[in-house]
Structure formats: structure tokens, C-alpha cells
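Since the structure comes first, as C-alpha cells, the remarks are kept for the end.
Computed from the coordinates by the stated procedures, all read-outs in this text should not be read as laboratory data. A quick note: this is a predicted structure, and the numbers were derived from the prediction, not measured. Because the Cβ atoms are built from the backbone with ideal geometry, glycine has one as well, and the counts that use them run over all protein chains shown.
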Amino acid sequence: MLGELLVKRTGTVDPSKYPDEMFDLYSIPAYDRGVPDLIAGCEIGSAKQVVQPGDVLLSRIVPHIRRAWVVGSEDGRRIIASGEWMVFRSQDIYPRWLRHMFLGDRFHQQFMATVAGVGGSLMRARPSHVANIEIPFPSHPEQRRIAAILDHADALRDKRRRVIGHFDELTQSTFIEMFGDPMADSIHKCPLGAVGDVITGNTPSRANPLNFGDGIEWIKSDNLGGTIATAAEERLSATGRQTARVVPGGSVLVACIAGSPSSIGKASLVDREVAFNQQINAVVPGSTIDSRFLLEQLKVAPELVRQQSTGGMKGLVSKSNFASIRVMVPPLDHQRRFANFVAEVDDVREREAAALTVTDNLFESLRSRAFSGQL
């Protein structure tokens, strides 16, 4: 049972008592960034678990998101972990094998059965229940063999992901090479309100349930960030559409109200007619600006929007401030040349993304075989 590996008491330390000491901190945000935080004790506000190199950490919060990693070397610093992690340790277990096992479908199904709490971030896996999960432990050499195969296959997936990530860098660097930095002064700049119609979204009254139905999509800021806005979860009825703000395909939607300033400026094109909520300002481009060129300019320089925010700890860019943002407007044929280049990059990116999906599926099949004794 996993309880044989689960560390009941890891020991704790209050880093704030050692303000000048540097710690390696394994936290959930650090996991999502892919590397532990190197952080001074004075910047850490609460006691943390003390962990060791080779420990395997399994997140018990938001358990539907799979998070498990192996603690790295000390590098002369103390290693600590936030309280969201369950810590597993044994001389009989190869850490990377255990990590792969934790991330696999078979274990995840058992893990989710240990969860308590109501929805989303309030859900927690219960360590006492996780400890009762039975897993087969192959020999140590077999664990190493399985881990080596899965590590190699995982590295191939990571390489493909990095390739896909580089496409955004290519688009942005090409934009700057062709047109310069959008934050710099330029004689070819005009206010957004002069190059297109600026429209702020709204919410049809929820007091009338007939406003919502299976008609036009109602876009929220969560749908923004990619090249094309993702499909909305909610739709409006024909009745709701009458009081909604609707824009045509080819419009650029930008998040202008958000819970944090860093979320301000998320932007996407729409390739169909949509309605949208009051957190979003839309630009319906006029004849002097290409919609894809405008979108990429806002992605290259989100500070164009963020610097207009007046919402303090949250973010808020009013319609008037948004319309006053000055954007580069080079000759239209130059814009379209760039837009055509980006479309070609999109095609390659889509092919790579499809290949990554195939690779992911093959990897999950390989991992499933590994932990069912078929590898």
C-alpha cells in the first residue's frame, strides 16, 4: 500500500526566521512553471515542509489536475515544500518510476476516489485514503527500466511542445523586425477608435431566463488568449441577442476587466459572429488596418492595453481609454504581407499540434502498458 511510502511527519521550518537564507521552494505555482523557486526566507510567509532529494511529491489540491514531481539535489540550500504536497519516500522505490505511476490513468482514477470537498479549488485528496491505495511494486531494476523508457518518450513530447512554443516567438520577432516595437513612438500611430469601431460588451438580464438559450455565442474573457477565441459555454437566445452587443467575424476582442492586471490585454480574433460580456472591448477593424495585424500587435505589446488600466490591484480599462490606445498603422499591403506570413506559421503550428496529440496518445498508451505489466 502507498501508506508504506507516505511520510507522516516531514518536519517543518519557518523560513521567515532565516530572512537572508535562500531556499529551494517546491510549490504548486513553481510546478506549473516547471522549476522550484529560489527564494529568500524573508519572502516566505508561513512554515513549510522540509523535504529531501529524491522525495516524490503528489499534489492533493485541485486533484483533477495531475501534479507530481521528484525533488532535485540540494545545491547547498535547504529544500522546502508547501503544505499542498503529500511526500513519498522509500529506499525501495525509484523516484521517477513512482512519479510516472502517479501521473498515469490507472492511479489517477483511484486517486480521485479519495477526494472530498465541493468543486474546483475546494476539492482535496485525503492522505489517509490515499495511503490505502494498493499498487504493485516491481523490482528496483524493473522500476528503473520502466522509468528510463517513459522518460525518453516524455522527452520527445517535450521537444515537440517546445517547437510549438517557438512559433509564437517567431511571429513576435518577425513583427518587430518588420514594423519595430509597438511601444516605441511612431509616426504611423493612430488611436484604436480611429481605425475601427470600439464596442464594449454587456450581459443581457439574467432576471429573464429567456435571454439565454442555444443561439449566438456569448464570449467571456476566459475564451480569449489564443489566435481564435474558443467556443463559449453559454449562448444567448434570439431574445437575448436583441439587447446584446454583437460583432462580426474578423473583430478583435480584448479583455479589459480582470481579477489581476496581468490578465488585462488578453486578445483573440473571432472567426464568426459573436456576442460578448462587459469585461471585453472589441475592435471592428476599418479599412486601414488588417485584423490579424492588429491582433498580433496587441500580443507583441500587451502593455499597450495594460498601461491604460485604472483598477489598482485588479485591472480595468474603460472604453474611452481603450479607444485612445495608439497603435501602429503601416501601409495596408505591409500589414497583409505580415498577416499572410502568420497564416503560414499557423498552418505549420496546427500540423505540429496534431502530431503532438498523436504523440500524447501514444505516450499514455505506453504508460498504461508499463503499469499493467505489458512493457
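A few notes on this one:
- Spread of Cα-to-Cα distances over 5 Å intervals beginning at zero, given as percent, for region 258-320: 4, 16, 26, 25, 19, 8, 2, 0
- Relative contact order, percent, region 189-329 [alpha-carbon distance under 8 Å, six or more residues apart]: 32
- The charge dipole of region 189-329, taken about the Cα centre with unit charges on the Cβ atoms of Lys, Arg (+1) and Asp, Glu (-1), comes to about 360 debye, rounded to the nearest 20.
- The eigenvalues of the Cα gyration tensor, multiplied by 5 and square-rooted, give region 108-191 an equivalent ellipsoid with semi-axes of 48, 25, 7 Å from largest to smallest.
- Electrostatic dipole magnitude of region 2-136 [Cβ: Lys, Arg +1; Asp, Glu -1; Cα centre; debye, to 20]: 420
- Rounded if a/c under 1.5, otherwise prolate or oblate - region 2-136, Cα gyration tensor axes: prolate
- Over the chain, relative contact order from alpha-carbon pairs under 8 Å, at least 6 apart, %: 14
- For region 198-263, the spherically averaged projection of the C-alpha convex hull amounts to 5.1 nm².
- Under 28 Å from the Cα of residue 159 - lysines, other chains or at least 8 residues apart: 266, 299
- Computed with the Debye formula from one identical point scatterer per Cα of region 189-329, without solvent, the log10 of I(q)/I(0) at q = 0.11, 0.14 Å⁻¹ comes to -0.36, -0.59.
- Gaussian network model of the chain, springs between alpha carbon atoms under 10 Å - residue of 151, 55, 14 with greatest fluctuation: 14
- When Rg and the Kirkwood radius Rh are both evaluated on Cα atoms of region 118-269, their ratio Rg/Rh stands at 1.14.
- 222 nm mean residue ellipticity, helices alone, for the chain (DSSP H n ≥ 4; -39,500 (n - 2.57); rounded to 500): -11500 deg cm²/dmol
- Considering only 33, 99, 235, the Gaussian network model of the chain with Cα springs below 10 Å gives its largest mean-square fluctuation to 33.
- (1) 45, 24, 24; (2) 48, 23, 19; (3) 34, 25, 22, with the label sought being that of the calculated semi-axes √(5λ) of the Cα gyration tensor in Å: (1)
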